[in-house]
Amino acid sequence: VIMSPAMWKWTCLVSHLLLSTTVSPLGRQQPPHPKRPFITFTGEQAEGNFNHLVVDERTGHIYLGAVNRIYKLSSDLKVLVTHETGPDDDNPKCYPPRIVQTCNEPLTPTNNINKMLLIDYKENRLIACGSLYQGICKLLRLDDLFKLGEPFHKKEHYLSGVNESGSVFGVIVSYSNMDDKLFIATAVDGKPEYFPTISSRKLTKNSEADGMFAYVFHDEFVASMIKIPSDTFTIIPDFDIYYIYGFSSGNFVYFLTLQPEMISPPGSTTKEQVYTSKLVRLCKEDTAFNSYVEVPIGCEKNGVEYRLLQAAYLSKAGAILARSLGVGPEDDILFTVFSKGQKRKMKSLDESALCIFVLKNINDRIKDRLQSCYRGEGTLDLAWLKVKDIPCSSALLTIDDNFCGLDMNAPLGVSSMVRGLPIFTEDGDRMTSVIAYVYKNHSLAFVGTKSGKLKK
């Protein structure tokens, strides 16, 4: 992560804002720093919870997605511009929303919760997606938050009916000579017929173009999307995929997820529901999503399993960490926070672990799995998507590092879990967020906790 002076100033500001304790290398708690003056920003409305934040890496300007508001702030938290996004008359049962066809449900003033905030650097605009009208997005000019477009004419313009702020994750894949792509991953809240759980969309240059957010490819049989089959809900009635983090690296786009599954505990004849954290990988150029692979991830320390993913962040190894891991300084490292166990998604236990994964090791595991499946070994092992086990088909094929799938043996699940390296555990104050970067060859991580502390 390369920080501009403005970004570094903002990072230091957040440190001042949140820092209450630090942990020494030996694990002893240090006394808090003496109180120093720091800058705060408070929203305009009592209901205006802050949902998402992005920082323009070129200017240091901060964009804040809130309930019914988008704020543009200077790096010292002065309000530069405010854009209202709600409330507006709506009903969550209206689909498509009334702006496409008449809805017979009663409409009431409804708040607009910001669900996704992304900077589209190439076109100098902000993509701000909210909860109104089944997930409509606005495209706002970065300079003054002027509305450049608000696509709503087609079914694919509605991204998600979930009203929670953490339900949608997007990754932009940028090109120099063509329109960019937006990979969208979302919980579907029991509406798989309306919303794909993951898809790739067109980001047109013209913010008002009809093709904005259209699927990269869509015909009668194949599309750039994956939908949760309705059969899955008969097995797990509250099935959904919760997307915690997303990023692109090399030729691939990745999402880190949490999803329920049914397992048979050892010695038991009945199945119980648990949650499994999985990494999802797709090729950037795969319009048919034949490259979709899922691999379970988790962490273990002193016999304690940490399996419920809370947060993640992609960084570089840096020279010192790279040496101890046996990788290069520029290799991608995933910093992840897991809480203990597998059963309580909504009420995670306070015991948590900060773990790291070398992305190359995960890719190697996926490559091995692909190669064994193309030798005809095992099944596709993706119960929620295929509902039943489908045997792998044999084909004379050598899988290289950038293999993007065929219309066979896809989508594919990896059965064995990739374990992260635990580097820090916290038993009383659950870790809930993490960022990391390299400073003078050292890899530094900042972790936020449930009680509002920041650990460096």
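The values are calculated or read from the model by the stated rules, or taken from the named source; none is laboratory data. Being a predicted model, the structure only gives us computed values, none of them experimental. All Cβ positions, glycine included, derive from the backbone under ideal geometry; neighbour counts span all protein chains shown. In case anyone asks, the SASA skips ligands and DNA or RNA and just uses the protein heavy atoms, side chains included. Shrake-Rupley method; radii C 1.70, N 1.55, O 1.52, S 1.80 Å.
Worth pointing out:
- Pair list, Cβ < 8 Å and 6+ apart or interchain, from the stretch 389-401 residues that are under 14 Å from Leu412 (Cα atoms) and at pLDDT below 90 to residues that are aliphatic (A, V, I, L, M) and assigned to a loop (DSSP other than H, G, I, E, B): Asp389/Leu380
- Gly170 vs. criteria among the small types (Gly, Ala, Ser) and at pLDDT 95 or above: yes
- Matching residues, the stretch 392-423, being part of a strand (DSSP E or B) and open to solvent by 60 Å² or more (accessible area, probe 1.4 Å): Ser394, Arg419, Leu421, Ile423
- Among residues of the stretch 139-162 being surrounded by 22 or more Cβ atoms within 10 Å (Cβ to Cβ) and without any contact (Cβ under 8 Å) to a residue 60 or more places away in the chain, the one that is farthest from Phe50 (Cα to Cα) is His157.
- Among the residues of this structure, Ser339 does not count as one that is within 21 Å of Lys367 (Cβ to Cβ), among the polar types (S, T, N, Q) and at pLDDT 95 or above.
- Checked against the criteria, Glu294 does not count as acidic (Asp, Glu), farther than 23 Å from Ile198 by Cβ, at pLDDT 95 or above and not in a helix (DSSP H, G or I).
- Hey, Gly448 assigned to a loop (DSSP other than H, G, I, E, B), within 22 Å of the chain's Cα centre (by Cα) and either modelled with pLDDT of 95 or more or farther than 19 Å from Phe338 by Cβ (or both) or not: no
- Taken over the stretch 86-141, residues that are touching a strand residue (DSSP E or B) at 6+ places or on another chain (Cβ under 7 Å) and of a type in the set (Phe, Trp, Tyr) amount to 1.
- Filter result for Tyr275 (open to solvent by 10 Å² or more (accessible area, probe 1.4 Å), of a type in the set (Phe, Trp, Tyr) and in contact with a Phe, Trp or Tyr (Cβ under 9 Å, 6 or more places away or on another chain)): yes
- Scanning the stretch 311-356 for residues that are in a strand (DSSP E or B), open to solvent by less than 40 Å² (accessible area, probe 1.4 Å), within 21 Å of Asp429 (Cβ to Cβ) and touching a residue at least 40 places away in the same chain (Cβ under 8 Å) yields a total of 12.
- From the options Asp389, Asp429, residue that is part of a loop (DSSP other than H, G, I, E, B) and open to solvent by 30 Å² or more (accessible area, probe 1.4 Å): Asp389
- Look at (1) surrounded by fewer than 21 Cβ atoms within 10 Å (Cβ to Cβ); (2) part of a strand (DSSP E or B) and you find that Ser165 fails only one, number (2).
- Test for Val274: is it hydrophobic (A, V, I, L, M, F, W, C), part of a strand (DSSP E or B) and within 18 Å of Lys360 (Cβ to Cβ): no
- Residue in the stretch 437-444 that is among the aliphatic types (A, V, I, L, M), outside any loop (DSSP other than H, G, I, E, B) and under 21 Å from the mean Cα position of the chain (by Cα) present: no
- Strands (runs of 3 or more DSSP E) enclosed by the stretch 197-264 - at least 1 residues per element that are over 28 Å from Asp120 (Cβ atoms) and open to solvent by 30 Å² or more (accessible area, probe 1.4 Å): 252-263
- For the stretch 171-196, the candidate set comprises residues that are among the aromatic types (Phe, Trp, Tyr) and buried (at least 22 other Cβ atoms within 10 Å of the Cβ); within that set, the residue that is farthest from Leu145 (Cα to Cα) is Phe195.
- Selection of first residues in the stretch 431-456 that are under 21 Å from Ile244 (Cβ atoms) and of second residues that are outside any loop (DSSP other than H, G, I, E, B) and among the acidic types (Asp, Glu), restricted to Cβ pairs under 6 Å at least 6 apart or on distinct chains, gives an empty result.
- A search for C-beta distances below 8 Å between a residue of the stretch 71-86 that is of a type in the set (Asp, Glu) and any residue that is assigned to a strand (DSSP E or B), counting only pairs 6+ apart in sequence or on different chains, returns Glu84/Arg69.
- Within the stretch 182-190, none of the residues are outside any loop (DSSP other than H, G, I, E, B), among the hydrophobic types (A, V, I, L, M, F, W, C) and farther than 21 Å from Pro411 by Cα.
- Test result for Leu126, assigned to a loop (DSSP other than H, G, I, E, B) and among the hydrophobic types (A, V, I, L, M, F, W, C): no
- Within the stretch 287-310, being closer than 24 Å to Pro411 by Cα, of a type in the set (S, T, N, Q) and open to solvent by 30 Å² or more (accessible area, probe 1.4 Å) holds for Thr287, Asn290.
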